[in-house]
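Structure, as structure tokens:
The values are calculated or read from the model by the stated rules, or taken from the named source; none is laboratory data. The structure presented is a predicted model; accordingly, all values stated were derived computationally and were not measured. Methodologically, a virtual Cβ is constructed for each residue, glycine included, from the backbone with ideal geometry; neighbour enumeration extends over all protein chains shown.
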Amino acid sequence: MLSVLDLFRVGLGPSSSHTVGPMRIAKRFLRAAAKSGTLSRAARVEIELQGSLALTGVGHGTDKAVILGLLGFDPETADPDEAEAAFRKTVEEKSLTLHRGDTIEFNAVKDILYRGDNVPELHPNGMALRLFASEPSEPAIFEQVYYSTGGGFIASARRLARPAAGDVVPDQTRSPHSFGSAAELLSLCDQSGLSIRRLMLINEDERRPRETTLSQLDLITDTMLACIDRGLATEGILPGGLEVKRRAPDLYRKLKTGAGVNEREALFDWLNVYAMAVNEENAAGGRVVTAPTNGAAGILPAVLRHYCCDDDGTPIRSKTQRFLLVAGGIGLLYKQRASISGAEMGCQGEVGVACSMAAGGLAAVWGATPVQCLTAAEIGMEHNLGLTCDPVGGLVQVPCIERNAIGTVKAVNAARLALHQDGQGKVSLDQVIETMRQTGLDMSSKYKETSQGGLAVNVVAC
């Protein structure tokens, strides 16, 4: 069992697996080097990006993330403007001050290696880091390999290389209501008489005081809403070369002036504008919440803003907490039983999972039973199965921004359908999660965050 708060991480865009994860990896690497006593002898650092991290690394900002991690930036606290300035200074001056180390020469062109031809067996997002005492012809004095496994989660090679019989990471804090499947979760709710929200909250109580959990959930809510506000107010062209114009501000102005408010379809416009606002901010490297990833960061905030806040945008805490706890519980099932990495599952593992989480969370806000909440989650994923990850130009813009808007509308519809259904349908949530996992394994690698197939090769990137 993981904590719900492990799923919702604050970080910088545009990708949790390609920016948040690598930033954390670089900083962890330097901590390990310092502990080994080799950091003080380092004169050069080399980063080898492997698999998907290499193939879409530039478009996803992985080079920037690695440099920021080496400088000591944390994804949760990094200011986007300060981070950008530090990155540009490092590239221009060709030197950086290692976190807890000395200032060394650093040439991003030579010292960051893009090995798209090297796709690791353990996970397609591999990253090797090496310290050298002098010339590169001499062996590295310290080297480690890590993997960015989606949603900002990272793992060492040793962790992922565990034999199949022991590949489950032990629960460091024993959860009173531990579950490894949706069926187990429903059984626990039946036996205890608890809702999913209360059950998840009791599990969190074992990790920290309840007041801390609730305040952290409120901080996640506030960060999500602040991201929407920035996206609604910021005009301009997104970086990266595709010349994609931000559309959320213009659509928001139309909605605020009352254009089309009497149309039934205006609901779509409101959901669309909130989701697009978040993902345009994400594409620009702004501060977002992984939900469960950066590439799918707009769906949960859009649903939360429209259904869990007052008309003026003030969050109704009882609703936002319920929404995030239930959505988070569903997200844990995907993390435990499959993956939330686009490089492993395609976009079904990102937008599909976010849609599923949002559907279940919204159903809970509307008073659904545990069975109905998980039915909503199942419907949300069932109609995202096979969704590919094919970002044009390696950027998290096309089709990612619109895909979040579509996923938001799907999530609301899935929750509505579940509320009109008594009991579990023909397909269970466990079955659909397993189907997603099998589909991801069968999917060609060119459709899994490599920009080697789909729209990425059929749309001119410049």
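Among the listed residues LEU214, LEU188, LEU255, which satisfies the condition of being under 23 Å from GLY11 (Cα atoms) and in contact with a helix residue (DSSP H, G or I) (Cβ under 8 Å, 6 or more places away or on another chain)? Quick ask: steps written out before the conclusion?
On the way: LEU188 fails: under 23 Å from GLY11 (Cα atoms); LEU255 fails: under 23 Å from GLY11 (Cα atoms).
Among LEU214, LEU188, LEU255, only LEU214 is under 23 Å from GLY11 (Cα atoms) and in contact with a helix residue (DSSP H, G or I) (Cβ under 8 Å, 6 or more places away or on another chain).
The rows are residues; the columns are (1) part of a helix (DSSP H, G or I); (2) surrounded by fewer than 24 Cβ atoms within 10 Å (Cβ to Cβ); (3) touching a strand residue (DSSP E or B) at 6+ places or on another chain (Cβ under 6 Å).
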site	(1), (2), (3)
VAL371	yes, yes, no
LEU374	yes, no, no
LEU385	no, yes, no
VAL396	no, no, no
GLY407	yes, no, no
ALA411	yes, no, no
ARG416	yes, yes, no
ARG437	yes, yes, no
VAL457	yes, yes, no
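Only a single item in (1) under 19 Å from ALA284 (Cβ atoms); (2) at pLDDT 95 or above; (3) not charged (D, E, K, R) is not met by ASN413, and it is number (1). Scanning region 224-243 for residues that are surrounded by fewer than 17 Cβ atoms within 10 Å (Cβ to Cβ) and either part of a helix (DSSP H, G or I) or in contact with a Cys (Cβ under 7 Å, 6 or more places away or on another chain) (or both) turns up ALA226, ASP229, ALA233, GLY241. What are the pairs, 6+ residues apart or on separate chains, where a residue within region 114-133 that is farther than 19 Å from SER341 by Cβ and not assigned by TED's automatic domain parsing to the domain that holds ALA54 has its Cβ under 6 Å from a residue that is at pLDDT 95 or above and crowded, with 20+ Cβ neighbours inside 10 Å? Listed pairs, sorted by first residue: none to list. Only residues that are over 15 Å from GLY72 (Cβ atoms), assigned to a helix (DSSP H, G or I) and free of Cβ contacts under 8 Å to residues at least 60 places away in the same chain were counted in region 16-46, giving 1.
When region 1-15 is filtered for residues that are among the hydrophobic types (A, V, I, L, M, F, W, C), in a loop (DSSP other than H, G, I, E, B) and farther than 15 Å from PRO75 by Cα, the ones remaining, listed by number, are MET1, LEU2. For region 44-62, check the following and say yes or no: at least one residue is at positive phi, buried (at least 24 other Cβ atoms within 10 Å of the Cβ) and under 18 Å from the mean Cα position of the chain (by Cα). Scanning region 44-62 turns up at least one residue that is at positive phi, buried (at least 24 other Cβ atoms within 10 Å of the Cβ) and under 18 Å from the mean Cα position of the chain (by Cα).
Residues in region 76-132 that are assigned to a helix (DSSP H, G or I) and surrounded by 15 or more Cβ atoms within 10 Å (Cβ to Cβ): PRO80, ALA83, GLU84, ALA86, PHE87, THR90, VAL91, ALA108, ASP111. For beta carbons closer than 6 Å, sequence separation of 6+ or different chains, a first residue in region 439-458 that is assigned by TED's automatic domain parsing to the domain that holds GLY342 and of a type in the set (Lys, Arg) and a second that is surrounded by fewer than 23 Cβ atoms within 10 Å (Cβ to Cβ) and assigned to a loop (DSSP other than H, G, I, E, B), the qualifying pairs are LYS446/GLN452; LYS446/GLY453.
For region 41-60, the set of residues classified as in contact with a helix residue (DSSP H, G or I) (Cβ under 8 Å, 6 or more places away or on another chain) and over 30 Å from LEU238 (Cβ atoms) consists of ALA42, ARG44, VAL45, GLU46, listed by residue number.
Return the residues of region 341-360 that are outside any helix (DSSP H, G or I) and over 22 Å from ILE228 (Cβ atoms); say none if nothing qualifies.
Residue satisfying the conditions is SER341 alone.
Pick from GLU184, GLU211, GLU204: which is of a type in the set (Asp, Glu), under 22 Å from the mean Cα position of the chain (by Cα) and not in a loop (DSSP other than H, G, I, E, B)?
Just one listed residue meets the conditions, GLU204.
Of the numbered criteria (1) buried (at least 24 other Cβ atoms within 10 Å of the Cβ); (2) in a helix (DSSP H, G or I); (3) under 17 Å from the mean Cα position of the chain (by Cα), the one ALA363 fails is (3).
Yes or no, residue by residue, for (1) touching a Ser or Thr at 6+ places or on another chain (Cβ under 9 Å); (2) within 30 Å of SER3 (Cα to Cα):
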| residue | (1), (2) |
| --- | --- |
| SER195 | yes, yes |
| ASN203 | yes, yes |
| GLU206 | yes, yes |
| GLU211 | no, yes |
| ILE228 | no, yes |
| ALA233 | no, no |
| PRO239 | no, no |
| GLU263 | no, no |
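The sole residue among LEU232, LEU214 that is out of contact with any Phe, Trp or Tyr (no Cβ under 7 Å at 6 or more places or on another chain) and among the hydrophobic types (A, V, I, L, M, F, W, C) is LEU214. Checked against (1) of a type outside the set (A, V, I, L, M); (2) at pLDDT below 95; (3) more than 30 Å from TYR334 (Cβ to Cβ), ARG130 passes all but a single condition, namely (2).
Report those helices (runs of 4 or more DSSP H) wholly inside region 247-322 carrying at least 2 residues which are closer than 18 Å to GLU350 by Cβ, in contact with a Pro (Cβ under 6 Å, 6 or more places away or on another chain) and not assigned by TED's automatic domain parsing to the domain that holds GLU76.
Details: elements: 248-256, 266-283, 299-307.
The qualifying helices (runs of 4 or more DSSP H) are 266-283.
When residues in region 293-332 are screened for being surrounded by 19 or more Cβ atoms within 10 Å (Cβ to Cβ), among the polar types (S, T, N, Q) and either out of contact with any Leu (no Cβ under 8 Å at 6 or more places or on another chain) or within 10 Å of ALA354 (Cβ to Cβ) (or both), 2 of them pass. Checked against the criterion of being assigned by TED's automatic domain parsing to the domain that holds GLY126, at pLDDT below 95 and among the charged types (D, E, K, R), region 34-42 contains one or more residues that satisfy it.
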